[in-house]
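What follows is a set of notes on a single structure, which appears directly below.
The values are calculated or read from the model by the stated rules, or taken from the named source; none is laboratory data. The model shown is predicted, which means the values in this text are computed figures rather than measured ones. Every residue, glycine as well, gets a Cβ built from its backbone with ideal geometry; the counts of neighbours run over all protein chains shown.
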């Protein structure tokens with residue numbers, strides 16, 4: 001186990017609009033709020049879902065083009081290759097109550113609305129670093145340099 005202590009910083013609440021990509025919009029909110037380390041929760045609806053399942057070094061994806069309720073979406077915000085990066089997992093339900101879940105991939109499109117709560121983690125840098133063994137960009141921790149200036153994150 002690896003861990004680091006941090007403090008809770010600012011909170012940001014946003015409403016995602018119909019047609020927006022979930023990951024792109026969470027990333028945009030984080031960039032505009034100058035949050036490069038944090039965690040988030042999101043509820044609402046999707047009009048299309050693209051979910052991933054990591055297996056043998058790559059993500060297998062499932063695309064579903066129908067309305068869904070977002071039962072739960074949890075994720076974190078970190079820096080990957082110097083840019084803000086949102087990582088999330090989601091549970092969605094269809095009109096018959098069947099639940100599907102997995103890694104949120106680009107292509108999860110907001111339906112009627114998305115309600116986001118983003119909480120900054122202050123006093124630490126959260127980084128995604130590629131791990132050759134797992135073929136994943138894993139979370140790592142670093143304390144900010146004492147005399148470094150806070151840089152504004154840039155979106156992809």
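Residue-wise test of (1) outside any strand (DSSP E or B); (2) modelled with pLDDT under 95.
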residue	(1), (2)
8	no, no
26	yes, no
31	yes, no
35	yes, no
42	no, no
54	no, yes
63	no, no
77	no, no
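When residue 85 is tested against (1) part of a strand (DSSP E or B); (2) closer than 19 Å to residue 129 by Cα; (3) over 14 Å from the mean Cα position of the chain (by Cα), just one condition goes unmet, and that condition is (3). Within region 51-75, track down each residue that is under 28 Å from residue 130 (Cβ atoms) and more than 14 Å from the chain's Cα centre (by Cα). Answer for region 51-75, where residues must be under 28 Å from residue 130 (Cβ atoms) and more than 14 Å from the chain's Cα centre (by Cα): 53, 54, 55, 56, 57, 58, 59, 60, 61, 62, 63. The residues listed here are 85, 53; of these, the one that is surrounded by 15 or more Cβ atoms within 10 Å (Cβ to Cβ) and either closer than 16 Å to residue 108 by Cβ or out of contact with any strand residue (DSSP E or B) (no Cβ under 8 Å at 6 or more places or on another chain) (or both) is 85.
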